[in-house]
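K.L.:
Got a structure for you, questions after.
The values are calculated or read from the model by the stated rules, or taken from the named source; none is laboratory data. Computed from a prediction, not measured in an experiment: that's the story for all the values here. All Cβ positions, even for glycine, are placed from backbone atoms using ideal geometry, and neighbour counts span all protein chains on display.
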Amino acid sequence: MRIGELASRTGASVRSLRYYEEQGLLTSVRSGSGQRHYSDDQPERVAFIQRMYAAGLSSRTITELLPCVDAPSQDNSDSALERMALERDRLTQHITDLATTRDALDGLISTARAYRERFRETATH
């Protein structure tokens with residue numbers, strides 16, 4: 001199938017599919033005129049890639065997980081689980097950092113509101 005059909009079947013943009021290919025996540029065969037042609041199993045692969053991106057993984061991490069999909073084995077499965085656990089830990093730390101930042105912003109908002117109220121009180125007296 002050509003890139004437009006793959007995009008239509010998966011809901012991915014043509015630009016995304018080209019990016020996936022540039023990152024080594026997706027493969028195609030080029031016709032004599034340079035058009036990309038994808039095998040019938042590629043929609044499933046695109047869906048997998050999209051799930052990985054939705055889970056917050058980078059293309060580099062997805063590339064590290066693909067051996068588990070392309071050549072399933074105990075070792076590949078163990079490696080994939082370890083890598084995903086590391087990514088989960090990274091995301092957990094990011095969430096913690098974001099919560100800390102949000103709390104600091106809440107403090108600034110509270111201070112600004114208190115200042116505004118004091119300003120209003122002095123302006124009305």
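K.L.:
So, in segment 46-61, how many residues would count as being touching a residue at least 40 places away in the same chain (Cβ under 8 Å) and among the aliphatic types (A, V, I, L, M)?
P.N.:
1
K.L.:
Go through (1) out of contact with any strand residue (DSSP E or B) (no Cβ under 8 Å at 6 or more places or on another chain); (2) within 22 Å of Met1 (Cβ to Cβ) and name the single condition Ser28 misses.
P.N.:
Going through (1) out of contact with any strand residue (DSSP E or B) (no Cβ under 8 Å at 6 or more places or on another chain); (2) within 22 Å of Met1 (Cβ to Cβ) one by one, Ser28 breaks only (1).
K.L.:
Moving on. Only one of (1) in contact with a helix residue (DSSP H, G or I) (Cβ under 9 Å, 6 or more places away or on another chain); (2) of a type outside the set (Gly, Ala, Ser); (3) without any contact (Cβ under 8 Å) to a residue 24 or more places away in the chain fails for Asp103. Which number is that?
P.N.:
It fails just one condition, (1).
K.L.:
Sticking with this one: Here is a check on your reading of the model: is Ser16 surrounded by 15 or more Cβ atoms within 10 Å (Cβ to Cβ), within 30 Å of Ile95 (Cα to Cα), assigned by TED's automatic domain parsing to the domain that holds Ile95 and of a type in the set (Gly, Ala, Ser)? Don't jump to the end; show me each part of the working.
P.N.:
Details: surrounded by 15 or more Cβ atoms within 10 Å (Cβ to Cβ): yes; within 30 Å of Ile95 (Cα to Cα): yes; assigned by TED's automatic domain parsing to the domain that holds Ile95: no; of a type in the set (Gly, Ala, Ser): yes.
In short, no.
K.L.:
Being in contact (Cβ under 8 Å) with a residue 12 or more places away in the chain and either farther than 25 Å from Tyr53 by Cβ or within 19 Å of the chain's Cα centre (by Cα) (or both) is the filter here, so list the residues in segment 76-100 that pass it. Don't jump to the end; show me each part of the working.
P.N.:
Let us first name the residues in segment 76-100 that are in contact (Cβ under 8 Å) with a residue 12 or more places away in the chain, namely 79-80, 83-84, 87, 91.
Ala80, Arg83, Met84, Glu87, Leu91, listed by residue number.
K.L.:
Can you name the condition, by its number, that Ala80 falls short on among (1) within 30 Å of Leu6 (Cα to Cα); (2) of a type in the set (Gly, Ala, Ser); (3) modelled with pLDDT of 95 or more?
P.N.:
(3)
K.L.:
Condition (residue is modelled with pLDDT of 95 or more, more than 26 Å from Met1 (Cα to Cα) and among the basic types (Lys, Arg)) applied to segment 35-57: is it met by at least one residue?
P.N.:
no
K.L.:
So Glu64 ticks every box in (1) more than 20 Å from the chain's Cα centre (by Cα); (2) assigned by TED's automatic domain parsing to the domain that holds Ile95 but one. Which box is left unticked?
P.N.:
(1)
Conditions (1) without any contact (Cβ under 8 Å) to a residue 12 or more places away in the chain; (2) loosely packed, with under 10 Cβ neighbours inside 10 Å, marked per residue:
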site	(1), (2)
Glu22	yes, no
Arg30	yes, yes
Gln35	no, no
Glu44	yes, no
Thr63	no, no
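K.L.:
Report whether or not Pro67 is surrounded by 15 or more Cβ atoms within 10 Å (Cβ to Cβ) and closer than 30 Å to Met1 by Cα.
P.N.:
In short, yes.
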